[in-house]
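Enquirer: Following this message is one structure expressed as structure tokens.
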Amino acid sequence: MKFIMPEFIHEKKIFTLYEVTQSIQRTLTDRYSSSFWVKAEMNKLNFYRYTGHCYPELVEKQAGKVIAQLRAILWKEDYLRINNQFLDILQEPLKEGIKILFLAKITYDSVYGLSLRILDIDPTYTLGDLEAEKMRAIQKLQSIGIFSQNKRLQIPILPQRIAVISVETSKGYADFLNVLEHNSWGYAFSMTLFPAVLQGERAIADITSQILRIQKLKENFDIIAIVRGGGSDIGLSIFNHFNLAQVIALCPIPIFTGIGHSTNETVAEMVAFHNAITPTKLAEFLIQQFHNAAIPLQKITEKLALISKRKIQETYSVFYLHTQNFQNLTQNKLFQANTEISHIRKQLHKTCLFVLDKSNNHLKNVPPKILFFKNALFNLLRQNLQNLQNNTEKEIQQGLQKHGNELVVITKHFNFVFNTTIRAQRKQQNELFLRLNSAVRTLFKEKERSISEVEKLVIWSDPVQILKKGFSLTLKNGRIVSSISQLNPNDEIQTVLADGTLISVVREIQQLENE
């Protein structure tokens, strides 16, 4: 150790700066030779990727004000060991904004000054603090009466228009799209992505901003889906944050979550309209909603088809019965006519024979000359009678043939009328189905045109583009601040810029003179 020898100038005892810092270092080393446990909030982690070392910024607050602040050092080997312990126990990495209980030793450097070297951090203390923060968020939401507000909303029978908050390149988002777009039943979903970071410090501001953005377009969406998955459970504590849970609970659009984890529910999931454990399960739940609506419609369609089939069968049975009755009646009439004709024929034949016999007897007594004329006359008379009989039978056969032909024509006419009626009914059914299909296609085209207009509105209203022009967005408790009347001194506010978010405290409010 170098011995310090002060310099004397004009009777003044003077030390160099190095001598002073060396003195301070010796004093601190002698006074604080052992390590000790400290609790504080890690305001900044300050991880340097190139070296692997961290230089945390530690603070202690009372009523929102910083009453103590100190710089710390966490060397690479210690950081890797402690970070692995956090991943095993908390399912999250060591991060900023959490309270920690750590084993430290005071160090002093002539150049870098006073700092605490962190040797170890107890993750169970942070776990308890995070759980306590989660319970405080739940109790606060319940106390202001909004814990179940989003659950009380109504969703459409077919939740088809979905605003998705996710990361475009994430596996969870890809799984969600794949299940909905390739469902075996051909159900059509319209999805619009609102990209947001879903873990880390920016996540709360990103998700909140996109939910507020979608609310302005609420007429164009049925539900909001927050989709995250495909990775570890790291970073879930952001979903326990009160501000994010409050925005979800107050959203006028039902919010569905599928953030992919197997641990306990987060507060955001508790207050959402519906929570699924993975994006895939959420997509399957939405498809089931279509099933629930499609099954009654399918049953009605089947019932209408059954009724139509039964009506056609009944009509056919009635027609067949009438046809059979008509045929039976006609056959009976023909049989009676044949019987009567046969009887007349027999009577006519018998009468002719009687007349011939009687005439023959009379002619037996005429002279031989007259006998010749008698035979001739008799033959002529017989021929006439035979002709009469033949003509009568021919006329009867022609009459029967005529009636038979008329019956065939009538039967064909009945068949023609019946078949024409059936074809007309089927044609009407086909035209009805065609008009229904045309109306559905027209409805879908109108919906697609409406969705296209919404997409244009989404692009035009993208706050990122607006923020890049130099504007900013101020939030208090997740709500947009549009007037100084919404703020009070010491309120904590978030200022969203194009490349990040600032958290600050209101110190003074100045109103414009002309207001």
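Enquirer: I need the full set of residues from the stretch 260-300 which are in a helix (DSSP H, G or I), among the β-branched types (Val, Ile, Thr) and loosely packed, with under 11 Cβ neighbours inside 10 Å, in order please. Before the answer, list the steps.
Expert: Filtering the stretch 260-300 for residues in a helix (DSSP H, G or I) gives 267-271, 279-300.
Within this subset, residues satisfying the condition of being among the β-branched types (Val, Ile, Thr) are 267, 271, 280, 287, 295, 300.
Across the stretch 260-300, the qualifying residues are Ile295, Ile300.
Enquirer: Additional query: Specify which of the listed residues (Ser237, Ser184, Ser166) is out of contact with any strand residue (DSSP E or B) (no Cβ under 6 Å at 6 or more places or on another chain) and closer than 23 Å to Lys95 by Cβ. It would help to see each step written out before you state the result.
Expert: On the way: Ser184 fails: closer than 23 Å to Lys95 by Cβ; Ser166 fails: out of contact with any strand residue (DSSP E or B) (no Cβ under 6 Å at 6 or more places or on another chain).
Only one candidate qualifies: Ser237.
Enquirer: Right, here's the next one. Working carefully through the options Ser190, Ser170, find the one that is open to solvent by 20 Å² or more (accessible area, probe 1.4 Å) and over 15 Å from Gly229 (Cβ atoms). Before the answer, list the steps.
Expert: On the way: Ser170 fails: over 15 Å from Gly229 (Cβ atoms).
Of the residues listed, the single one that is open to solvent by 20 Å² or more (accessible area, probe 1.4 Å) and over 15 Å from Gly229 (Cβ atoms) is Ser190.
Enquirer: Quickly run through the stretch 489-507 and pick out the residues that are loosely packed, with under 11 Cβ neighbours inside 10 Å, part of a loop (DSSP other than H, G, I, E, B) and under 33 Å from the mean Cα position of the chain (by Cα). Full working, then the answer.
Expert: Within the stretch 489-507, the first condition is being loosely packed, with under 11 Cβ neighbours inside 10 Å, and the residues that meet it are 489, 499-500, 507.
Within this subset, residues satisfying the condition of being part of a loop (DSSP other than H, G, I, E, B) are 489, 499, 507.
Matches in the stretch 489-507: Asp499 only.
Enquirer: Considering the stretch 173-187 alone, what residues qualify as being closer than 18 Å to Ile224 by Cβ and of a type in the set (A, V, I, L, M, F, W, C)?
Expert: Phe176, Leu177, Val179, Leu180
Enquirer: Based on this model, can you work out whether Tyr79 counts as of a type in the set (Ser, Thr, Tyr) and not in a strand (DSSP E or B)? Give the steps one after another, and end with the answer.
Expert: Working: of a type in the set (Ser, Thr, Tyr): yes; not in a strand (DSSP E or B): yes.
Judged against the criteria, Tyr79 is a match.
Enquirer: With respect to Ile106, determine if the residue is within 18 Å of Leu58 (Cα to Cα) and open to solvent by less than 20 Å² (accessible area, probe 1.4 Å). Can you show your working first?
Expert: Numbers: within 18 Å of Leu58 (Cα to Cα): yes; open to solvent by less than 20 Å² (accessible area, probe 1.4 Å): no.
The answer is no for Ile106.
Enquirer: Related question: Quick check on the stretch 301-327: of everything there that is among the charged types (D, E, K, R) and over 20 Å from Asn419 (Cα atoms), which residue is least open to solvent (accessible area, probe 1.4 Å)?
Expert: Checked the stretch 301-327; the qualifying residue least open to solvent (accessible area, probe 1.4 Å) is Glu302.
Enquirer: Would you check which residues across the stretch 22-43 are surrounded by 15 or more Cβ atoms within 10 Å (Cβ to Cβ) and in a strand (DSSP E or B) and list them?
Expert: Val38, Ala40, Glu41, Met42, Asn43
Enquirer: Still on this structure, please answer the following. Just checking, how many residues over the stretch 106-142 are farther than 30 Å from Leu17 by Cβ and small (Gly, Ala, Ser)? Let's see the steps before the verdict.
Expert: Here is the first cut: in the stretch 106-142, the ones farther than 30 Å from Leu17 by Cβ are 120-142.
Right, trim to small (Gly, Ala, Ser) and you get 128, 132, 137.
Total meeting the criteria: 3.
Enquirer: Which pairs turn up if I take residues in the stretch 491-513 that are without any contact (Cβ under 8 Å) to a residue 40 or more places away in the chain and look for partners that are of a type in the set (A, V, I, L, M, F, W, C) and open to solvent by 60 Å² or more (accessible area, probe 1.4 Å) with beta carbon separation below 6 Å, at least 6 apart in sequence or on another chain?
Expert: That search, which allows pairs on different chains as well, returns Thr495/Leu502; Ile509/Ile484.
Enquirer: Please indicate, with yes or no, whether at least one residue in the stretch 149-160 is of a type in the set (Lys, Arg) and exposed (fewer than 12 other Cβ atoms within 10 Å of the Cβ).
Expert: So in the stretch 149-160, the residues of a type in the set (Lys, Arg) come out as 151-152.
Filter once more, so that each one left must be exposed (fewer than 12 other Cβ atoms within 10 Å of the Cβ): 152.
Yes, some residue in the stretch 149-160 is of a type in the set (Lys, Arg) and exposed (fewer than 12 other Cβ atoms within 10 Å of the Cβ).
Enquirer: All but one of (1) free of Cβ contacts under 8 Å to residues at least 60 places away in the same chain; (2) farther than 30 Å from Thr421 by Cβ; (3) open to solvent by 10 Å² or more (accessible area, probe 1.4 Å); (4) among the β-branched types (Val, Ile, Thr) hold for Thr257; which doesn't?
Expert: So Thr257 meets the others, but not (3).
Enquirer: Determine the pairs where a residue that is under 18 Å from Gln383 (Cβ atoms), located within the stretch 346-366, has a partner that is at pLDDT below 75 and assigned to a helix (DSSP H, G or I) with Cβ atoms under 6 Å apart, the partner being 6 or more residues away or on another chain.
Expert: Cys352/Leu385; Leu363/Lys374
Enquirer: Does any residue in the stretch 308-325 that is in a helix (DSSP H, G or I) come within less than 6 Å, Cβ to Cβ, of a residue that is surrounded by 10 or more Cβ atoms within 10 Å (Cβ to Cβ) six or more places away or on a different chain, and which pairs are these?
Expert: What qualifies is Phe319/Phe418.
The values are calculated or read from the model by the stated rules, or taken from the named source; none is laboratory data. The model shown is predicted, which means the values in this text are computed figures rather than measured ones. For neighbour counting, all protein chains shown are included, and Cβ atoms are generated from backbone atoms with ideal geometry for every residue, glycine included. Just so you know, the surface numbers come from the protein's heavy atoms only, side chains and all, with ligands and any DNA or RNA stripped out. Shrake-Rupley method; radii C 1.70, N 1.55, O 1.52, S 1.80 Å.
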